[in-house]
Amino acid sequence: MNRLSIAALAFSLVVSGAARADSVIILNSDEASYSIVSRSARTEVVRLPVGREPHHLILSPDGKEVLIGSTATNELLSLDIKTGERKRVVKDILDPYHLGFSPDGKWFVTAAYRLDHVDIYHADGFRLAGRIFIDGLPSHIAFDTESKTVFVTLQQSGRVAAFDLATQTLKWNMPVGNAPAGIVMLPDDKRLLVALTGEDRIVTVDPKDGAVTGSLQTGKGAHNFFPKGDGRHYFLSNRVEGLVTLIDTKDEPKVVASVRIPGGPDCMDITPDGRELWVTQRFLRRVAIVDIDTMKVVGSVPVGKSPHGVFMLKSTATVTAGAGIPVRAASTAGDRK
Amino acid sequence: MRDLIDLWVGAQAWLFETLVSPVLFHFGLMAWYEPGYGAVEFVMLGVIQIAVIAIGMRYFERRWPLEKAGRDDGLIMVDRVYTVLNKLGIIPLAIFILTYPLVQEIELSVRSWGYVPPRLERLLPWIGDNALLSFLVYFVLYDFAAYWLHRGQHAFGWWWALHSLHHSQRRMTVWTDDRNHVIDDLLITLALVLFSQFVGVQPGEYVVILMVGRLIESWSHANVDMSFGWLGERLLVGPRFHRLHHALSTPAERHIQDHNFAPVFPIWDILFGTAIYDEKIRPTGVDDAAVDADNGRGWIVQQATVFGRFLRALMPRFRRRASVP
């Protein structure tokens, strides 16, 4: 399929299928690009360049932008949440590997995985409030619901650290297990779940002092969480095992379902209708689509190299090459499976 | 095309998840998880390269040999060992482990200062519109760096002590390209990785550049009597062009090896005045009995002997002591 055909497909999606064909953004971390995928057509519509090593992306507090962190080029690319069009580039955000806004929208925090520091910014204008150097590969972050504390997993040292957002000081730094990565605060604000990528389990951690209070076996290489949206269930990717498990966090966490996803499953997102879970398969250059009701794989979409972050836009991306941005069409007729 | 990609990454993922990932997980080496996956691809590419050399390039050597089979044929065997060790990633893996901390330290320091490697696509957006053109531009840049490193190998005595191992082969064939001392490989790799990061070559591009470049270099060492034609010989380094660089020096051509340095694109030799184009067929090797003695030695003895040569070139005092009978 040549570029003209891709453009025609993109155009037809824009003008005719906006109501049904929501778009998905996939970050191709090894080739400095992001793919825009048609959710309904389950095919890559276009592949666009972005700063090197994009890994994660996050919704802005006002819900109008999605920000892509390019770790090797120290910048954030902002896309319009509705159209997918590029809005601006925020420079001088060092190594924004994992990133997040506090629930009150006042703080923006990045985990600089390779540069070994945690940066706390005033979200308004991305003004740096404090840079905390900490050994051990800062990996993933989570906030308490009151927006007072940010929790950061330290993948190499096997610890979780808690920082006070207002003062940018360390509250505690505790060992939790081998290679902690994904971390999530449960809605009760009393339990943190931490995925241990160097093991086959997750642990429950007390956010007050970092004490490990529980453990649940899930699968080898437990890595990252995504909330199902009911305040109770969480999906967990297990990279080494090639498994996504569904965890019920009511009372003691327990595994209630699982689905095999080969190729190092990593980040996830759920379609706006809540019916499908999309999971990036880092090694296979694909995104798997899981029917949540049956927990079965129902589709797979080829994308770029080492797909990592995934995000559902709220409507069809216009995929225009505005602002002089070159379009690198990547899809082919044979892509559709 | 997508079917081919699926086949490739499917095999890579299967090998990784079956053989490598369980080992990394068992020994708590998850920090090497992503690099480990890349290493599997490197080995797979190495197998393909060996197949291309052993089946494709060797066909031409057998069909149109420049030097006929003779008593020096046994000298080729050690070069095959070099090729297998290199292409299957055994030496590159050792080099990667040795240089990784240094490369990381340099890269992270530079990044923490706020330096962001440029991408040509930002300066010239039309390049980003064409993946092949983008690849070629970075390939040319990479080859430019490799040309000057090669000149360095001939210009500095201590470096020549290492590089002379590569030139000592009297029976140059498609297997000769990988015949290098591990320290020489290490220095070149370190320099090229840093250069590539400095100019913004993507990791994926680097692997492809490395593979295509090394295949062309293997071919340029081939024992074949073939030419790409007047224009082709000026666009791409071929066996005739590179054989001159390996020519045995004579009193009449004392500095013959100080020509035709380019690894892939002869344009560098043409631009910097080091290109020679002629039809004369010369024997290869080095006019130095101590270096020529590398021939007939096995891999380990060659590595040890050349290391001694390197030390003597590096430390004059050591050289004097060594020269006492």
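Values computed for the structure shown
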{"item": "Residues of the stretch A:162-178 satisfying the condition of being outside any strand (DSSP E or B), free of Cβ contacts under 8 Å to residues at least 40 places away in the same chain and open to solvent by less than 60 Å² (accessible area, probe 1.4 Å)", "result": "A:Val176, A:Gly177"}
{"item": "Condition broken by A:Val90, with the remaining ones in (1) within 14 Å of chain B (Cβ to nearest Cβ); (2) under 18 Å from the mean Cα position of the chain (by Cα) satisfied", "result": "(2)"}
{"item": "Qualifying residue in the stretch A:122-144 (condition: under 19 Å from the mean Cα position of the chain (by Cα) and without any contact (Cβ under 8 Å) to a residue 24 or more places away in the chain)", "result": "no"}
{"item": "Residues within the stretch A:42-64 that are at negative phi and either open to solvent by less than 20 Å² (accessible area, probe 1.4 Å) or within 14 Å of chain B (Cβ to nearest Cβ) (or both), tallied", "result": "14"}
{"item": "Candidates B:Leu98, B:Leu93, B:Leu85, B:Leu75 - the one that is farther than 21 Å from B:Thr176 by Cα, within 23 Å of the chain's Cα centre (by Cα) and more than 14 Å from chain A (Cβ to nearest Cβ)", "result": "B:Leu98"}
{"item": "Residue in the stretch B:283-303 that is in contact with a strand residue (DSSP E or B) (Cβ under 9 Å, 6 or more places away or on another chain), open to solvent by less than 50 Å² (accessible area, probe 1.4 Å), part of a loop (DSSP other than H, G, I, E, B) and within 25 Å of B:Arg170 (Cβ to Cβ) present", "result": "yes"}
{"item": "Checking B:Tyr33 against (1) open to solvent by 30 Å² or more (accessible area, probe 1.4 Å); (2) of a type in the set (Ser, Thr, Tyr); (3) within 10 Å of chain A (Cβ to nearest Cβ); (4) part of a helix (DSSP H, G or I), the condition it does not meet", "result": "(1)"}
{"item": "A:Gly210 in a loop (DSSP other than H, G, I, E, B) and modelled with pLDDT of 95 or more", "result": "yes"}
{"item": "Only one of B:Glu41, B:Glu67 that is within 14 Å of chain A (Cβ to nearest Cβ), in contact (Cβ under 8 Å) with a residue 12 or more places away in the chain, open to solvent by less than 60 Å² (accessible area, probe 1.4 Å) and not polar (S, T, N, Q)", "result": "B:Glu41"}
{"item": "Unique residue being more than 24 Å from the chain's Cα centre (by Cα), of a type in the set (A, V, I, L, M) and surrounded by 13 or more Cβ atoms within 10 Å (Cβ to Cβ) when the list is B:Val52, B:Val23, B:Val9", "result": "B:Val9"}
{"item": "Enumeration of residues in the stretch B:246-262 that are assigned to a loop (DSSP other than H, G, I, E, B) and either free of Cβ contacts under 8 Å to residues at least 12 places away in the same chain or surrounded by fewer than 22 Cβ atoms within 10 Å (Cβ to Cβ) (or both)", "result": "B:Leu248, B:Ser249, B:Thr250, B:Pro251, B:Ala252, B:Glu253, B:Arg254, B:His255, B:His259"}
{"item": "Whichever residue in the stretch A:7-24 is surrounded by fewer than 24 Cβ atoms within 10 Å (Cβ to Cβ) and among the β-branched types (Val, Ile, Thr) and, among such residues, is modelled with the lowest pLDDT", "result": "A:Val15"}
{"item": "Number of positions in the stretch A:26-70 that are closer than 14 Å to A:Phe108 by Cβ, among the charged types (D, E, K, R) and assigned to a loop (DSSP other than H, G, I, E, B)", "result": "1"}
{"item": "Single residue of the stretch B:83-124 satisfying the filter (of a type in the set (Lys, Arg) and open to solvent by less than 60 Å² (accessible area, probe 1.4 Å)) that is modelled with the highest pLDDT", "result": "B:Lys87"}
{"item": "Positions within the stretch A:103-145 being surrounded by fewer than 22 Cβ atoms within 10 Å (Cβ to Cβ) and among the polar types (S, T, N, Q), in sequence order", "result": "A:Thr145"}
{"item": "Some residue of the stretch A:226-238 being open to solvent by 10 Å² or more (accessible area, probe 1.4 Å), within 14 Å of chain B (Cβ to nearest Cβ) and closer than 25 Å to A:Gln156 by Cα", "result": "no"}
{"item": "Residue that is nearest to the other protein chains (Cβ to nearest Cβ), among those in the stretch B:191-214 that are open to solvent by less than 30 Å² (accessible area, probe 1.4 Å) and part of a helix (DSSP H, G or I)", "result": "B:Gly204"}
{"item": "Top-ranked residue of the stretch A:243-280 - restricted to ones that are in contact with a helix residue (DSSP H, G or I) (Cβ under 9 Å, 6 or more places away or on another chain) and open to solvent by less than 10 Å² (accessible area, probe 1.4 Å), ranked as nearest to the other protein chains (Cβ to nearest Cβ)", "result": "A:Gly263"}
{"item": "From the options A:Thr73, A:Thr83, A:Thr153, A:Thr145, residue that is in a loop (DSSP other than H, G, I, E, B) and more than 24 Å from A:Val50 (Cβ to Cβ)", "result": "A:Thr145"}
{"item": "Where B:Thr18 falls short, out of the listed (1) among the hydroxyl-bearing types (Ser, Thr, Tyr); (2) surrounded by 17 or more Cβ atoms within 10 Å (Cβ to Cβ); (3) out of contact with any Lys or Arg (no Cβ under 8 Å at 6 or more places or on another chain)", "result": "(2)"}
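The values are calculated or read from the model by the stated rules, or taken from the named source; none is laboratory data. For clarity, every value in this text was computed on a predicted model and none was experimentally measured. Methodologically, a virtual Cβ is constructed for each residue, glycine included, from the backbone with ideal geometry; neighbour enumeration extends over all protein chains shown. Just the protein is used for accessible areas: all its heavy atoms, side chains included, with ligands, DNA and RNA removed. Shrake-Rupley method; radii C 1.70, N 1.55, O 1.52, S 1.80 Å.
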